[in-house]
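The values are calculated or read from the model by the stated rules, or taken from the named source; none is laboratory data. Because the structure is a prediction, the values reported are computed rather than measured. Using ideal geometry, Cβ is built from the backbone for each residue, glycine included, and neighbour counts are taken over all protein chains shown.
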Amino acid sequence: MAIDPASAPPRPVNEADARDGVVTLRTPLGIGLALDVVAEFFQRVTAEDSEALSELLTRDALAIQTGSGGQGQPPSAGLWWEQRFRRLEYGKLAGEPVYRESELQIFRAEDVLATPQHPAIQPETLDDQDVVIRVPITTARIAADRLLGDEIVVWLRRDGPRFRIYRLLEDFQLQ
């Protein structure tokens, strides 16, 4: 009697060709999950919770200041927000409408490749399941304090069953 032990299924992939034989396809993540990360990001910014904010970021997440002319290496997104929390009072945004979900512009990788949405987004570095969300900011300042740029582009990358923030692009300079 021959016994054929069960073999492990192939590693999941985002897409495959019919000629590939047996494959395991990864289910695409819905846009709702990406929108949840954006909402959670702004909640954690308003709470000035850098530890909780870091949970939303990939290990190599960067904060790219789009108005800086691209000079120097962009800082780590986590460190960038820690600096901002030390110098500005984001708690002032509590209860204010930071953005309106109806104004968000959502792009999948194929949309960005067809018409690049931002000069700092390099289409050749997009993964096929990346999501880019342009967030026009409704409340960028409280009184004389400028806390946010006029828009933040949130580039999300799949990390297992969820999205994490890979890049934050914003025209904002700490004074």
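Brief remarks on what is shown
- Looking at 31, 64, just one residue is β-branched (Val, Ile, Thr), modelled with pLDDT under 95 and within 18 Å of residue 170 (Cβ to Cβ), and that residue is 64.
- Taking each residue of region 154-175 that is closer than 16 Å to residue 40 by Cα and aliphatic (A, V, I, L, M) and looking for partners that are surrounded by fewer than 14 Cβ atoms within 10 Å (Cβ to Cβ) and modelled with pLDDT of 90 or more with beta-carbon atoms closer than 6 Å, six or more apart or interchain, yields nothing.
- Pairs linking a residue in region 83-108 that is over 27 Å from residue 130 (Cα atoms) and in contact (Cβ under 8 Å) with a residue 24 or more places away in the chain to a residue that is of a type outside the set (A, V, I, L, M) and in a helix (DSSP H, G or I), with Cβ atoms under 7 Å and 6 or more positions apart or on different chains, are 85/50; 90/46; 91/46; 93/46; 94/46.
- The residue that is surrounded by the most Cβ atoms within 10 Å (Cβ to Cβ), counting only those in region 154-175 that are of a type in the set (Lys, Arg) and more than 9 Å from the chain's Cα centre (by Cα), is 158.
- Single condition residue 92 does not satisfy, out of (1) assigned to a helix (DSSP H, G or I); (2) modelled with pLDDT under 95; (3) within 21 Å of residue 58 (Cα to Cα): (3)
- Any hit, region 138-145, residues being modelled with pLDDT of 95 or more and either part of a helix (DSSP H, G or I) or in contact with a Lys or Arg (Cβ under 8 Å, 6 or more places away or on another chain) (or both): yes
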